[in-house]
DNA sequence: TTGAAAGCGTTACCAC
DNA sequence: GTGGTAACGCTTTCAA
């Protein structure tokens, strides 16, 4: 729960009062109700043109901007869609998706707000979000549990959606099929005749949620084929990659699925520095299909991941807001397809 | 100005009312005032321990979460710091800076919110932000003009800060010295004996604001030395880079400052594919000091950019909020220093 | 130690 | 057509 400051900010010499609709009404010589009607284009009531003009002019002159808090307090609901602000760098793919989503939601008259939640533990975050009384909450990744969902719904959120690798009780879930990403990579490597497949598991926090299902996907693809999977913990640092590369030949691998393109670049570089031929001796496959991969030599094979379009997701949010019970709770998303280049 | 929906969302079968402090009071058998005292730890008034417990239990049982809008409406101010949500992928450097800032601000009891402003034109955005009555607004890049600053201040924002390449009238500005970035690169290349320096100008929208000052910085470094600067427009696509590389030798350049590490990678790859030796024939320098650069061969020389620390910026925001007039309006920031590796 | 009441800025319902 | 008025949820004097 957010604490208000113990003592309000000190009033500077001249704190010119913020204009309210009452000020506009006074200046225009009408009532507050009329101001509201004019400024909100209320169609149920007809206001004479001269009056409208006077109101608009007054608002303009005073620099009047309506007070969202007062409005939503009165209305009993807001049009705010809240998302937690990402706390890791977002790639081009995801960034574009976010933009699209935002744009589509604003077309539907929603306001998208990303809430900085660093330092908030689990349910604290949900409580903090709930204080803003968003009409919808959209949470990518993990970080929202059933408790949090409950808090949000209890405080009026009509839609709580998660976008991640696992279902969350009570929320609408867009299930990101990371297993399928690994499966694509595994099946591809198998088809290329590889039999000893390493799978990179990033040591960085929070990535296990994705890397584990991807690993499982590779396992699934190779099951019963005689090909073997080896787990390869790796930190996103040159040194860690160098250590792994140094013992590469002892691992007896002829392929590696490197979690994503960036880890792939890191590892491929280390392998090459160690004299390991790619793809001759070891095939390398990344994921995310970044520009990066096309610039490497050999060009990096990768798993292209297809997120749902921002427009689709926006419409889903809107449907859930309008009728939470009328929309299935789980949606499978995320197409994955291999992009074969030169590294495999 | 945000339109409310013409008709409110249809009430589903059982819209269980959101609990208010009145509900908590009723359940605990006390008055609303007492609830407020207990939940806000108001020190000016002592509440008996049993009563406190009853209130807390009631709040817990009902899943009560205070209503931020009502609170800030009553208080007359909020502790919200608003930033526009970035609409381009943010790199690791900036992302970490944002996290730090957010964390530091939350330590100071502020709530950081990123507002999705795509589709809003210039001053519309400022009006939309102003509706939320943030106590501070922090705008990286351009996108906020004097008009917008005025709107925000008029609606109660005590601090309006911009973080960008140029001053904005009325706002506190953290002047990002992109000129210095170019200057570092230029001076370095000059010291390495280069005389024909190309400077990449990204064609992507919005980057001119940074690339122009960087170009000027290079020019400044080379002025009066006999070395020449050539502008090199470049899109972030392989094909564009290939075209540039194809005519490279006709340009008679022995060095290039590639705007940043990503463009540097793109261009360096194209040059190498064209048979141009780096750094023998042409030196390449990037900027941002990404991990990326260390993985390239030759390792990429780069300009390391030092943003102000999140903590410092948070403290600045806080100082401006407390006393807008007591803080100088313009701050020069952004240290730039060359990191010499192998590509130059 | 607790309670009653006023008021923050809006909008919607009813009279005029 | 237009103008009072009540109410949204909360905090904070002021009284008891």
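Each reported figure results from applying straightforward, stated rules to the coordinates on display, with no laboratory input. This one's a predicted model, so the numbers in the text were calculated from it and none came from an experiment. Neighbour counts run over all protein chains shown; Cβ positions are idealised from the backbone, glycine included.
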With an 8 Å cut-off on Cα pairs and a minimum separation of 6 or more residues, tell me the relative contact order of chain A in percent.
14 percent
Using only C-alpha positions, report the orientation-averaged shadow area of the convex hull of the protein assembly as shown, nm², one decimal.
35.3 nm²
Over chain A, what number does the Rg to Rh ratio reach, with both radii from the alpha-carbon atoms and Rh per Kirkwood?
1.13
Ranked highest first by average number of other Cβ atoms within 10 Å, how do A:20-28, A:98-106 line up?
A:98-106, A:20-28
Evaluate Rg over Rh across segment A:209-268, taking Cα atoms for both radii and Kirkwood's formula for Rh.
0.97
Mean shadow area (nm²) of the C-alpha convex hull around segment A:46-88 is 5.6 nm²
Quote the relative contact order of segment B:178-306 in percent (integer), defining contacts as alpha-carbon pairs under 8 Å separated by 6+ residues.
26 percent
How are the Cα pair distances of segment A:113-182 distributed, in percent, across 10 Å bins from 0?
22, 54, 19, 5
Specify the angular offset, from 0 to 90 degrees and rounded to the nearest 10, of the alpha carbon long axis of helix A:261-273 from the longest principal axis of the alpha carbons in chain A.
30 degrees
Determine, at each q value in 0.15, 0.16, 0.23, 0.29 (inverse angstroms), the log₁₀ of I(q)/I(0) that the Debye formula gives when each Cα of segment B:288-344 is one equal point scatterer.
-0.59, -0.62, -0.86, -1.10
So for segment A:21-66, averaging the separation of alpha carbon pairs under 8 Å that are six or more residues apart and normalising by length, what relative contact order in percent results?
44 percent
Provide the convex hull volume over Cα atoms per residue for segment A:178-306, in Å³.
91 Å³
How would you rank B:162, A:42, B:34, going from fewest to most other Cβ atoms within 10 Å of each one's own Cβ?
A:42, B:34, B:162
Taking N as its residue count, the alpha carbon Rg of segment B:20-164 over 2.2 N^0.38 Å
1.33
I need the fraction of alpha carbon pairs in segment B:21-66 separated by more than 14 Å, rounded to a whole percent.
35 percent
Exposure proxy check: B:200, A:30 ranked by fewest other beta carbons within 10 Å?
A:30, B:200
Sorted by Cβ density within 10 Å, fewest first, the residues B:277, A:289, B:177
B:277, B:177, A:289
